[in-house]
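Visitor: Have a look at the structure that comes next, please.
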Amino acid sequence: MHALGIDIGGTGIKGAPVDVATGKLLADRQKIDTPRPALPDAVADVVKKLTTSFGWSGPIGITFPGVVTDGVTRTAANMEQTWIGLDAAALFAKATGSQVRVLNDADAAGIAEMKFGAGVGQAGSVLLLTFGTGIGSALFTEGVLVPNTEFGHVEIRGRDAESRASEHAKVLHDLSWGKWAGRVDEYLQHMEALLSPNLIIVGGGVSKQSDKWVPLLTGIRARVVPAALLNDAGIVGAAMAAVSAAAPDTSGAAGTGH
């Protein structure tokens, strides 16, 4: 089955149709800058443009950089505060005219990596971290997602970890790969002390240059690998979630009263 995946980030909104059976994009992804300010209606307009550009009328999965429960955005650390408490699923459904599933961006990336990428067949606990405008996180235990973890906001040296170790922090402070990797290393050591994961997957846009910094991460016992789907993981995971949401509920047989 096919679905459209749209990944909303602090700097860009990108999307593409996906074959959820293979995890492959069915067309070149398109990207539009995130509006400034990133108000809900402005973002919904971008989502509508992406949907229209692909001539899409089927199920749509959309990620959001914050906590999402039942389609409602509960936090918005790197977006406008007007998102907090908003029924984002209803907003996007109205904008696109399609059935929509909204979920946390890192959770979507993790879902894709566990199915098609670096987490395939991995037993125990897997922690995925996406480094971009902030730091997103997804935690899996024996393949089951623990949603909305938001570990980018754990405190390191008195500040949110993402304010020190995100890709945005690297650019903002003009950090060398070595200096930035040292900050990431410190953060990962903290997360390992809390969670003891068997595998840590690092994603986000900076994963495309993983050879420049992953080998510099020397303080962690767990295996650290770049995301196999790189920065497309959120799109793929969003599409997978859309198909899951669109699937009919067959848990109760007809006539049983369940």
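The values are calculated or read from the model by the stated rules, or taken from the named source; none is laboratory data. Worth saying up front: this structure is predicted, and the values here are computed from it rather than measured. Every residue, glycine among them, receives a Cβ derived from its backbone with ideal geometry; neighbour counts consider all protein chains shown. Note: accessible area is taken over every heavy atom of the protein model, side chains too, but ligands, DNA and RNA are not part of it. Shrake-Rupley method; radii C 1.70, N 1.55, O 1.52, S 1.80 Å.
Visitor: Does region 26-38 include one or more residues that are under 21 Å from residue 85 (Cα atoms), small (Gly, Ala, Ser) and in contact (Cβ under 8 Å) with a residue 60 or more places away in the chain?
Guide: No: region 26-38 contains no residue that is under 21 Å from residue 85 (Cα atoms), small (Gly, Ala, Ser) and in contact (Cβ under 8 Å) with a residue 60 or more places away in the chain.
Visitor: Any idea how many residues of region 52-78 are in a strand (DSSP E or B) and crowded, with 18+ Cβ neighbours inside 10 Å? Talk me through it step by step, then tell me what you get.
Guide: First, pick out the residues of region 52-78 that are in a strand (DSSP E or B): 60-64, 68-69, 72-73.
Of the ones still in play, those that are also crowded, with 18+ Cβ neighbours inside 10 Å are 60-64, 68, 73.
Within region 52-78, residues that are in a strand (DSSP E or B) and crowded, with 18+ Cβ neighbours inside 10 Å number 7.
Visitor: I'd like to verify a number: residues in region 1-43 that are of a type in the set (Asp, Glu), within 19 Å of residue 133 (Cβ to Cβ) and surrounded by 14 or more Cβ atoms within 10 Å (Cβ to Cβ), how many?
Guide: Total meeting the criteria: 1.
Visitor: Can you list residue pairs whose Cβ atoms sit under 8 Å apart, with the first residue in region 214-230 being more than 12 Å from residue 178 (Cβ to Cβ) and part of a helix (DSSP H, G or I) and the second being of a type in the set (Gly, Ala, Ser) and open to solvent by 30 Å² or more (accessible area, probe 1.4 Å)? Count only pairs 6 or more apart in sequence or on different chains.
Guide: Once the first residue is more than 12 Å from residue 178 (Cβ to Cβ) and part of a helix (DSSP H, G or I) and sits in region 214-230, no partner that is of a type in the set (Gly, Ala, Ser) and open to solvent by 30 Å² or more (accessible area, probe 1.4 Å) comes close enough.
Visitor: Moving on. Could you tell me which residue of region 84-98 is surrounded by the most Cβ atoms within 10 Å (Cβ to Cβ), considering only residues that are touching a strand residue (DSSP E or B) at 6+ places or on another chain (Cβ under 8 Å) and within 12 Å of residue 51 (Cα to Cα)? Even if it seems obvious, please write down each step before you answer.
Guide: Applying the first criterion (touching a strand residue (DSSP E or B) at 6+ places or on another chain (Cβ under 8 Å)) to region 84-98 yields 84-89, 92-93, 96, 98.
Then drop every residue that is not within 12 Å of residue 51 (Cα to Cα), which leaves 92-93, 96, 98.
Details: 92: 25, 93: 19, 96: 21, 98: 17.
The residue in question is 92.
Visitor: Give me the pairs: first residue in region 84-104 and hydrophobic (A, V, I, L, M, F, W, C), second residue open to solvent by 40 Å² or more (accessible area, probe 1.4 Å), beta-carbon distance under 6 Å, and six or more apart or on different chains, which are they?
Guide: 95/48
Visitor: Do we find that residue 171 is more than 17 Å from the chain's Cα centre (by Cα) and surrounded by fewer than 16 Cβ atoms within 10 Å (Cβ to Cβ) in this structure?
Guide: Working: more than 17 Å from the chain's Cα centre (by Cα): yes; surrounded by fewer than 16 Cβ atoms within 10 Å (Cβ to Cβ): yes.
In short, yes.
Visitor: So which residues in region 194-213 are open to solvent by 30 Å² or more (accessible area, probe 1.4 Å) and either among the charged types (D, E, K, R) or touching a residue at least 60 places away in the same chain (Cβ under 8 Å) (or both)?
Guide: 195, 196, 198, 208, 211, 212, listed by residue number.
Visitor: Whether any residue in region 158-167 is open to solvent by less than 10 Å² (accessible area, probe 1.4 Å), over 19 Å from residue 231 (Cα atoms) and assigned to a helix (DSSP H, G or I) is what I want to check.
Guide: The answer is yes, given that some residue of region 158-167 is open to solvent by less than 10 Å² (accessible area, probe 1.4 Å), over 19 Å from residue 231 (Cα atoms) and assigned to a helix (DSSP H, G or I).
Visitor: Quick one: which of 112, 138 is under 23 Å from residue 198 (Cβ atoms), under 15 Å from the mean Cα position of the chain (by Cα) and either assigned to a helix (DSSP H, G or I) or of a type in the set (S, T, N, Q) (or both)?
Guide: Testing whether each residue is under 23 Å from residue 198 (Cβ atoms), under 15 Å from the mean Cα position of the chain (by Cα) and either assigned to a helix (DSSP H, G or I) or of a type in the set (S, T, N, Q) (or both) leaves just 112.
Visitor: Still on this structure, I have one more. List every residue pair whose Cβ atoms lie under 6 Å apart, where the two residues are 6 or more positions apart in sequence or sit on different chains, the first residue falls within region 177-193 and is free of Cβ contacts under 8 Å to residues at least 12 places away in the same chain, and the second residue, located anywhere, is open to solvent by 40 Å² or more (accessible area, probe 1.4 Å) and among the aliphatic types (A, V, I, L, M).
Guide: Close Cβ pairs (under 6 Å, with a partner that is open to solvent by 40 Å² or more (accessible area, probe 1.4 Å) and among the aliphatic types (A, V, I, L, M)) do not exist here.
Visitor: Of the residues 120, 171, which is in a helix (DSSP H, G or I) and out of contact with any strand residue (DSSP E or B) (no Cβ under 8 Å at 6 or more places or on another chain)?
Guide: 171
Visitor: Okay, next question. With the requirement that a residue be farther than 24 Å from residue 236 by Cβ and modelled with pLDDT of 95 or more, what does region 192-219 give you?
Guide: Correct list: 192, 193, 194, 195, 196, 212, 215, 216, 217.
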